[in-house]
Amino acid sequence: MNPLIQLTSAQGRRIWLHAQRLDTIEPFGSGPKATPAAVAHLGYLQIDTINVIERCHHHILYTRIPSYRREHLHQAQNIDKTVFEYWTHALSYLPTENLRFYVRPMRQDWQRRIVWFDKVSHGDLRRVMSRIRREGALTMRDIEDEPVEKDYSRASRKPSKRVLEVAFYKGLVTISQRAGMLKTYELLTRHFGWDRLPRAATERETLNYLLDRALQSQGIVSVESICHLDPPRKPAMRRLVESRVRRKELIPVQLEGAGESVHWVRPDTLDAIPDPPQERVHILSPFDPLVIQRKRLQLFFDYEYRLEAYLPRHKRVFGYFVCPVLIGDRIIAGLDLKTDRSRQKLLVQRWNWVGRGSSRAHRQQVEGALHAFEQFQLCRS
């Protein structure tokens, strides 16, 4: 065997940052069309309910589209219908052109997403589906029902939510729009103007899709990064990667600090490793694709991120909702942020300098980015 090509951690960071389009100003352009372009390139856009600052799906888009407006995502989902919601490793926006890769999970895997599915009867599901078919799209507020006791802390007390969630994960309905976190449910086929769902992708096609998605958005990949929170697929994914290596479509590389773990890149990626990026400042969401894979983030950036929002106050070290701050190709701080909407201010509750970051060297740059971020948070032009 030939020795593996060696990449420094700095080279790995530059490849990943370029793939994430964090080294370029307006990589997707501006205006409404930039939003579906960003989702298509990143592969998914994670959704989360935490709103101590702007919710993560808007935050992630703003990071890559400085002129982003919330109505752009509404247009992509509800009007142009270029994105849809479904489960990846978490609930996410996905390109509609890739919906066929989720048809099989809708048919076969939906029960794994819902811990209380057995409490939804066929009759309940049939009644809600008949109502949507007859009256049109509806929200949970449109259904009057008696509240029940919660089965677990994050459950809803409304039985109707259980029914709508089952219909959603089965691919019977889709979320046609959101107002905050209030979802409007519509028949999936009627929303898109289809007679039936697209043909379900085979498992082989899905593996190739996941690999190509990771290569596009990560640049340099490992089996773990391709199959994030999807361990059952790892053996088959490894075989697919090895087959592409034999065809010389992928090159194995040894990343500094990764030990015996192997990463892979496309040949053209090695031919064009980016130069050190300019020192642009990005305030990242904890659910940003650059941050969400914690072990990968630590390997590439030597930064161990902790999301402490779900910890009791006395166990938090860095803060409730810490946003990593990226300058160039280094994470230099983690800021515990909160938007005080009544006072119309973005609050920095705690500064955590990390790595080479320091108040003297970087505070002025970060405060400039915070000012722009505050304008976005508070919907100021």
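The values are calculated or read from the model by the stated rules, or taken from the named source; none is laboratory data. All values reported here derive from a predicted model rather than from experimental measurement. Neighbour counts run over all protein chains shown; Cβ positions are idealised from the backbone, glycine included. What goes into the accessible areas is simple: the full protein's heavy atoms, side chains included, and nothing from ligands, DNA or RNA. Shrake-Rupley method; radii C 1.70, N 1.55, O 1.52, S 1.80 Å.
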Which of (1) at positive phi; (2) crowded, with 20+ Cβ neighbours inside 10 Å does VAL291 not meet, given it meets every other one?
(1)
Conditions: (1) within 16 Å of ARG350 (Cα to Cα); (2) touching a residue at least 60 places away in the same chain (Cβ under 8 Å); (3) hydrophobic (A, V, I, L, M, F, W, C). ILE251 meets all but one. Number of the miss?
(1)
What's the total number of residues in segment 16-47 that are open to solvent by less than 20 Å² (accessible area, probe 1.4 Å), within 16 Å of GLN293 (Cα to Cα) and outside any strand (DSSP E or B)?
7
Just for segment 335-371: of the residues that are surrounded by 15 or more Cβ atoms within 10 Å (Cβ to Cβ) and among the small types (Gly, Ala, Ser), which one is nearest to the chain's Cα centre (by Cα)?
ALA369
Taking the conditions exactly as written (under 16 Å from the mean Cα position of the chain (by Cα), among the polar types (S, T, N, Q) and closer than 21 Å to GLY219 by Cα), does THR63 satisfy them or not?
yes
In the set VAL115, VAL52, which member is part of a loop (DSSP other than H, G, I, E, B), modelled with pLDDT of 95 or more, surrounded by fewer than 19 Cβ atoms within 10 Å (Cβ to Cβ) and β-branched (Val, Ile, Thr)?
VAL52
Residue ID - most open to solvent (accessible area, probe 1.4 Å), chosen from residues in segment 180-212 that are within 20 Å of the chain's Cα centre (by Cα) and modelled with pLDDT of 95 or more
ASP212
Quick check on my filter: what residues within segment 191-203 are touching a residue at least 12 places away in the same chain (Cβ under 8 Å) and either over 28 Å from SER225 (Cα atoms) or outside any loop (DSSP other than H, G, I, E, B) (or both)?
HIS191, PHE192, LEU197, GLU203
Among residues belonging to segment 55-80 that are under 16 Å from SER92 (Cβ atoms) and among the charged types (D, E, K, R), point out the one that is least open to solvent (accessible area, probe 1.4 Å).
ARG64
Any chance segment 250-262 includes a residue that's open to solvent by 70 Å² or more (accessible area, probe 1.4 Å) and part of a helix (DSSP H, G or I)?
no
Residue list for segment 81-93, filter: assigned to a strand (DSSP E or B) and open to solvent by 10 Å² or more (accessible area, probe 1.4 Å):
TRP87, LEU91
